[in-house]
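Take a look at the structure below.
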Amino acid sequence: MNRTTLSLIAATGALAAVTAFAAFDGPSASGASAPEAAANLPVQRTSLLCPAPSISDIADTSYTSFTPVTQGAASSGKAQLQAAGGGSADGTGNSGTNKDSKGSKGAKGSKGGKKTAGRPVLTPKAPGTPITGDTSGADAPALIGTADGKFAPGWTVQETTEVAAGIGRGLQGVNCTAADTDFWFPGASTAADRTDYVHLTNPDDSAAVVDIELYDKNGAIKSPLGENQTVPPHASKPILLSTLTDEQQADLTVHVSVRSGRVGAAVQALDDRSGGDWLAAAADPAGSLVLPGIPKDATDVRLIAFTPGGDDADLKVRLASPDGLITPAGNETLHLKSGMTTTADLGDVTRGEAGSLVLTPTDQSVPVVAALKVVRGKGDKQETAFIPATAPVGTRATSADNSAKGTTLALAAPTATATVKVTASAGSEGGTPTTKTYTIKSGTTQDVTVPVPSGLKGSYALTVETVSGGPVYASRALSATESGIPGFTIQTLPNDRGMVAVPRTTEDLSVLQK
């Protein structure tokens, strides 16, 4: 047997060792056993995309990056956030890549933030400790981030913007997200008092081609301008929704689908009178949905839902309160016609207590997407935030950019009692981690007392872990009152995808004989 033949067999055997787990024979007379269960291992690489933060010249934006310490993670690695090129949030075409003094200011005044052109704007130093950066004005670019090795498992970046006055004034926050090919945004608008942008960020070396579809209460809106939107490589493109249609609609569902490539997507929803916030993509269409963490002092709550399939949906609407599941009077059920955006005004549904909305099918299960528009305050001192339906915490979820005051953590266990462990990390400038454990009773929502690192300096991160029991859904709210206006923003806490199932494999050269 010559050297070439041996090399071929060796290479084929290595390939078989990787792929043979996909199909296998049952135990044979020779005593062969079935493969072992998949191992749950830390991910080795993570990518995140942050949209351009604001169109306001008086906006102040902070970024907080955090990776939880993960057992079994690599001993080395790195993470960084860099400015993306492409269009600016105000539609002027300014790339904001900090090529000269008139471009983006980058992340400044931070522990690890840099302003130098071509360099990362944020570079984390070690897992377990947050790192922060800040910028200001309307020309701050979108950011593209990558993390590998010890920084990859559960890597989370929060973008928080405070706007003192003008359109969208108040607090706006969004979790930077991974690239994908399909997004649903119930809760967008083209009404006269709204300015909504869908931000598309492309992390790859080739252009992405994207379709944007709009659905109102009557069905799909014809919008040829939403088709074949091209997002250049390593660039971000904000698209004003009102430029895609002449119709002014208070409640829309936006569907972003990618024809080629992949993008990160988020909707920035700005209101002339009641502030605004980021609308993150809703969880994938499902028959049952949970929208966790409605503030107890919400003055107005509006449910926006959509079913993308060919069947109508009938949903039972319930509120998971601190005392159990209750049915909102006058909103016991919701009927959704296929392909049409449906809304329900729930008013001050929480009535001074924490709550989460739970949607379940009354009969046949039909996939649905949904989000809540939440208003706090009254009159000219209103502020708005959004709560999309979300996936459960699962093994672990991570939330960055928390402070000793103004942080609220809502935990909901809609189907079964659950035990949850919450860990507060070290502070970005000092402090010792601390952990608390909570029991959330079946059918309830609790605004828990958030643990704070002892000796805290700066901001800190929270990790939420399901210890036992049923699925847990969570959200984190940040609050900051300015000039009597109750500014706030809410981010849901789905699983941080820090772990991945990796099949256990063994070498089996017998496949070469088949």
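Considering each of A220, A188 in turn, give the residue that is closer than 29 Å to Q82 by Cα, at pLDDT 95 or above and among the small types (G, A, S).
Details: A220 fails: closer than 29 Å to Q82 by Cα.
When all the criteria are applied, what remains is A188.
Run down D284, D311, D300 and say which single residue is over 27 Å from L478 (Cα atoms) and open to solvent by 50 Å² or more (accessible area, probe 1.4 Å).
On the way: D284 fails: over 27 Å from L478 (Cα atoms); D300 fails: over 27 Å from L478 (Cα atoms).
Unique residue meeting the criteria: D311.
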Which numbered condition trips up T489, out of (1) open to solvent by less than 30 Å² (accessible area, probe 1.4 Å); (2) modelled with pLDDT of 95 or more; (3) out of contact with any Leu (no Cβ under 6 Å at 6 or more places or on another chain)?
(3)
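Being open to solvent by less than 30 Å² (accessible area, probe 1.4 Å), closer than 30 Å to T423 by Cα and either in a loop (DSSP other than H, G, I, E, B) or modelled with pLDDT under 50 (or both) is true for just one of T70, T61. Which residue is that?
Working: T61 fails: either in a loop (DSSP other than H, G, I, E, B) or modelled with pLDDT under 50 (or both).
None of the others qualify; the one that does is T70.
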Is the range 352-359 home to any residue that is surrounded by fewer than 21 Cβ atoms within 10 Å (Cβ to Cβ), within 17 Å of F185 (Cβ to Cβ) and not basic (K, R)?
no
Of all residues in the range 447-484, how many are crowded, with 17+ Cβ neighbours inside 10 Å and in a loop (DSSP other than H, G, I, E, B)?
7
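Does L171 fit the bill of being over 27 Å from V231 (Cα atoms), in a strand (DSSP E or B) and in contact with a Gly (Cβ under 8 Å, 6 or more places away or on another chain)? Before the answer, list the steps.
On the way: over 27 Å from V231 (Cα atoms): yes; in a strand (DSSP E or B): yes; in contact with a Gly (Cβ under 8 Å, 6 or more places away or on another chain): yes.
Yes, satisfied.
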Would you mind telling me which numbered condition in (1) within 19 Å of Q268 (Cβ to Cβ); (2) of a type in the set (D, E); (3) open to solvent by 50 Å² or more (accessible area, probe 1.4 Å) D363 fails?
(1)
If you take the residues of the range 118-143 that are of a type in the set (A, V, I, L, M, F, W, C) and open to solvent by less than 30 Å² (accessible area, probe 1.4 Å), which of them is nearest to R476 (Cα to Cα)?
I131
Name the strands (runs of 3 or more DSSP E) wholly inside the range 177-216 in which the number of residues that are surrounded by fewer than 22 Cβ atoms within 10 Å (Cβ to Cβ) and acidic (D, E) is 3 or more.
208-216
Those residues of the range 217-238 which are in a strand (DSSP E or B), of a type in the set (G, A, S) and over 20 Å from I55 (Cβ atoms), in sequence order:
G219, A220
Qualifying positions in the range 371-397 - within 19 Å of D284 (Cβ to Cβ) and either open to solvent by 40 Å² or more (accessible area, probe 1.4 Å) or assigned to a loop (DSSP other than H, G, I, E, B) (or both)
A389, T390, A391, P392, V393, G394, T395
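Against the definition (open to solvent by 50 Å² or more (accessible area, probe 1.4 Å) and modelled with pLDDT of 95 or more), how does T444 come out, yes or no?
Spelling it out, it is not the case that T444 is open to solvent by 50 Å² or more (accessible area, probe 1.4 Å) and modelled with pLDDT of 95 or more.
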Residues in the range 239-265 that are open to solvent by 20 Å² or more (accessible area, probe 1.4 Å) and part of a loop (DSSP other than H, G, I, E, B): how many?
8
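Can you name the residue in the range 398-427 that is in a loop (DSSP other than H, G, I, E, B) and over 23 Å from G487 (Cα atoms) and is also most open to solvent (accessible area, probe 1.4 Å) among such residues? Walk me through how you get there before you give the answer.
The initial filter retains those residues of the range 398-427 that are in a loop (DSSP other than H, G, I, E, B), namely 403-406, 414-417, 425-427.
Filter once more, keeping what is over 23 Å from G487 (Cα atoms): 414-417, 425-427.
On the way: P414: 17, T415: 97, A416: 35, T417: 70, S425: 10, A426: 13, G427: 3 Å².
The extreme case among them is T415.
Counting only residues that are of a type in the set (S, T, Y) and closer than 16 Å to G77 by Cα, which one in the range 114-164 is modelled with the lowest pLDDT?
Our first condition is that a residue be of a type in the set (S, T, Y); within the range 114-164, this holds for 116, 123, 129, 132, 135-136, 146, 156, 160-161.
The next check asks that each one be closer than 16 Å to G77 by Cα; those that pass are 123, 129, 146, 156.
Numbers: T123: 92, T129: 97, T146: 96, T156: 97.
By that ranking, first place goes to T123.
The values are calculated or read from the model by the stated rules, or taken from the named source; none is laboratory data. This structure is a prediction, so every number in the text was calculated from the model and none was measured. Every residue, glycine as well, gets a Cβ built from its backbone with ideal geometry; the counts of neighbours run over all protein chains shown. Ligands, DNA and RNA are excluded from the accessible area calculation, which covers all protein heavy atoms including side chains. Shrake-Rupley method; radii C 1.70, N 1.55, O 1.52, S 1.80 Å.
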